[in-house]
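No lab work stands behind these numbers, since they all come straight from the coordinates. Keep in mind it's a predicted model, so treat the numbers as computed, not measured. Methodologically, a virtual Cβ is constructed for each residue, glycine included, from the backbone with ideal geometry; neighbour enumeration extends over all protein chains shown.
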Amino acid sequence: MSPISVLLVDDNSFNREGLRLYLQREGFVVLEAGDEQSALELAERATVHAAVIDISIPPDAHTLPRVQHSFGIDLARQLKLTQPALGIILFSAYEDRGGDVLDLIRSGVRGLAYKLKGCAPTALLEALHEVLAGRVLIDPEVTNPRSLAEEFMTRLTAEERPWVEGILARFDQLSPREQEVAYRLAAAHTTEGIANDLNVAPRTIEHHIGHVYEKLGLREAPAPLHRIVLLTKACMIIDLWTGARRW
């Protein structure tokens, strides 16, 4: 498999240096940017699998650092629009900046983690692997993942709720490999992308996707509900519940 490329975005060169050296030791290829515009240009011309972004980056190199607006959130939104399967970790030194991240999650964005600065390097590495796999991970100091999971349940429509509850009840019936495929599918990964991530043939992934839909009862879902939307909402709730138990 080809090395995983990570875009590191922070206007503080000292912070970038430490993270770059650590990620390179872990086998990642690291690209660096100090502002939103430079990061977008890098992502456009280079292959990027994940991004680690400081929430407080400036929009461009000519703007004073540490602006109050969360330009890192703007960057994350733009990257997700053009590359939905991209894994993103958002960093902040302040707990109260988490509201912007929660809005992203509430909109259904997956492959996303939010960590407070100062976490252990191993926690960053864990978060990186999680977002690459299409998962969602939130620092519990920002919000209670259980409460957010319950919020997602209350926002389901009357038509969606029985289907999502069915997925939640049956998800453990999937094999570990089928669960990996389901999480990536829910995070907008393509069949070819999943095959590359898991180092198998695309036809094998198509076979797994068929089993996922069959075991979760989604083959019978009415067309207007879109089974991938139902799967995405269920995976979001599972991730949040898992996060609540983990902490």
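Counting Lys and Arg as +1 and Asp and Glu as -1, each charge on the Cβ, what is the dipole of the stretch 166-247 about the Cα centre in debye, to the nearest 20?
200 debye
Spelling out what I want: for every residue of the stretch 186-192, take phi, set θ = phi - 60°, compute 6.51 cos²θ - 1.76 cosθ + 1.60 (Karplus), and round to whole Hz; glycine and proline get x.
With the stated coefficients, the stretch 186-192 comes to 5, 9, 6, 6, 7, 4, 5 Hz.
Given H placed on each backbone N at 1.01 Å, which residues far from V30 in sequence or on other chains put an amide H within less than 5 Å of it?
When sequence neighbours closer than 5 places are left aside, the close amide H contacts are V6.
Which number do you get for Rg(Cα) / (2.2 N^0.38 Å) in the stretch 5-143?
0.93
Ranking request for peptides 34-47, 79-92: highest mean number of other beta-carbon atoms within 10 Å first, then the rest in descending order.
Per-residue mean Cβ counts within 10 Å order the peptides as 79-92, 34-47.
In whole Hz and in residue order, list the ³J(HN,Hα) couplings for the stretch 11-23 that follow from phi through the Karplus curve 6.51 cos²θ - 1.76 cosθ + 1.60, θ = phi - 60°; x for Gly and Pro.
6, 8, 5, 5, 4, 4, 4, x, 5, 4, 4, 5, 5
Projected area of the chain, taken from the Cα convex hull and averaged over every viewing direction, in nm²?
13.2 nm²
Hull surface divided by four, with the convex hull built on the Cα atoms of the stretch 118-247: how many nm²?
Approximately 8.5 nm², given one-decimal rounding.
Under 20 °C and 1.002 mPa s, how fast does the stretch 113-176 diffuse according to Stokes-Einstein, given a Kirkwood radius computed over C-alpha pairs? Answer in µm²/s, whole number.
Values: Rh = 14.0 Å.
D = 153 µm²/s.
Lysines within cross-link reach of K80: Cα-Cα under 28 Å, excluding same-chain residues under 8 positions apart?
K115, K117, K233
Working only with C-alpha atoms, what are the Rg and Dmax values of the stretch 178-247, expressed in angstrom?
In order Rg, Dmax, the Cα atoms of the stretch 178-247 give 12.8, 37 Å.
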